Amino acid sequence: MTLRIQIIIGSTRPGRFADKPVAWLVDRLTGRDDFEVDVLDLRDHPLPLFDSPMSPARTLRDYPNEAVAALGRRFDSADGYITVTSEYNHGYPASLKNALDYVFPEFNKKPMAFVGYGNAGGARAIEQLRLVCVEFEMAPLRRAVHIFPDVMRPAMMAEEFTPALFESLDERLEMLTNELVWWSTALKVARDTD
Ligand SMILES: Cc1cc2nc3c(=O)[nH]c(=O)nc-3n(C[C@H](O)[C@H](O)[C@H](O)COP(=O)(O)O)c2cc1C
């Protein structure tokens, strides 16, 4: 069984830090034989502030327009997710929430893991996202990678970013990934037999 793990980039702002952890994730996760990696950049799915006439929890995959359908199909294609989140005013970015609100069944019964960054390693944003995941009938994972300023700063200062700048987090990522694969496999089997 080949799983598809999707990395969702929560920040869309110019000059975002997010690209660094995403480059590290892609470097470390590409080439594993138990899943393929898909990077979903929300910049590629610009949508207005949520304006669907009804909740996607009711309309399901009856999408209001092609732009929403394209996002829905991308989310649908994955068996598990790693959301990379910044923290704005102790919450996760509005760009991420806006995208999530456009869909619903695409996420049901799938696991989501988190990589966060900021003064508290994105911990407050991640805690809030875990609550949102429960509403999506997902399995939010306990493990997360928190990138604190001691690791962020050298990465920001470097003339050229290399994934080695995050190597102190490799072990934690490995544990998170193994847990995500376990949940992705278990829930895929369960969904397929539904
Ligand atoms: C509007 C705003 C609010 C912020 N609030 C927080 C915060 O509550 N906690 C934190 O750790 N960092 C905060 N920061 C700093 C961000 O961690 C930092 O700007 C980071 O680079 C944002 O991620 P991004 O560049 O990928 O968008 C804030 C930044 C902005 C722009």
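Residues in segment 179-194 that are surrounded by fewer than 12 Cβ atoms within 10 Å (Cβ to Cβ) and part of a helix (DSSP H, G or I): Val189, Ala190, Asp192.
Collect the residues in segment 108-131 that are closer than 18 Å to Gln6 by Cα and surrounded by 22 or more Cβ atoms within 10 Å (Cβ to Cβ), keeping them in residue-number order.
Here is the first cut: in segment 108-131, the ones closer than 18 Å to Gln6 by Cα are 108-116, 126, 129-130.
Hits for segment 108-131 are Lys110, Pro111, Met112, Ala113, Phe114, Val115, Gly116, Ile126, Leu129.
Residues of segment 6-31 being touching a residue at least 24 places away in the same chain (Cβ under 8 Å) and away from the ligand (no atom under 14 Å from the Cβ), which ones? Once the filter is applied, which keeps residues that are touching a residue at least 24 places away in the same chain (Cβ under 8 Å) and away from the ligand (no atom under 14 Å from the Cβ), segment 6-31 yields Gln6, Asp27, Arg28, Leu29.
Condition check ((1) charged (D, E, K, R); (2) closer than 24 Å to Asp101 by Cβ) across all residues:
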{"position": "Gln6", "(1), (2)": "no, yes"}
{"position": "Ser11", "(1), (2)": "no, yes"}
{"position": "Asp27", "(1), (2)": "yes, no"}
{"position": "Gly31", "(1), (2)": "no, no"}
{"position": "Asp34", "(1), (2)": "yes, no"}
{"position": "Val37", "(1), (2)": "no, no"}
{"position": "Met54", "(1), (2)": "no, yes"}
{"position": "Asn65", "(1), (2)": "no, yes"}
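Residue-by-condition table, conditions (1) modelled with pLDDT under 95; (2) under 17 Å from Leu187 (Cβ atoms); (3) not hydrophobic (A, V, I, L, M, F, W, C):
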{"position": "Ser95", "(1), (2), (3)": "no, no, yes"}
{"position": "Ala99", "(1), (2), (3)": "no, no, no"}
{"position": "Pro111", "(1), (2), (3)": "no, yes, yes"}
{"position": "Val115", "(1), (2), (3)": "no, no, no"}
{"position": "Ala123", "(1), (2), (3)": "no, no, no"}
{"position": "Leu129", "(1), (2), (3)": "no, no, no"}
{"position": "Val132", "(1), (2), (3)": "no, no, no"}
{"position": "Pro140", "(1), (2), (3)": "no, yes, yes"}
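Going by what's in this entry, would Val37 be described as surrounded by 14 or more Cβ atoms within 10 Å (Cβ to Cβ), farther than 27 Å from Arg191 by Cα and β-branched (Val, Ile, Thr)? Before the answer, list the steps.
Numbers: surrounded by 14 or more Cβ atoms within 10 Å (Cβ to Cβ): yes; farther than 27 Å from Arg191 by Cα: no; β-branched (Val, Ile, Thr): yes.
For Val37, the condition - surrounded by 14 or more Cβ atoms within 10 Å (Cβ to Cβ), farther than 27 Å from Arg191 by Cα and β-branched (Val, Ile, Thr) - is not met.
The values are calculated or read from the model by the stated rules, or taken from the named source; none is laboratory data. Here the structure is a predicted model, which is why all the values come from computation and not from measurement. We place every Cβ from the backbone using ideal geometry, glycine too, and count neighbours over all the protein chains shown.
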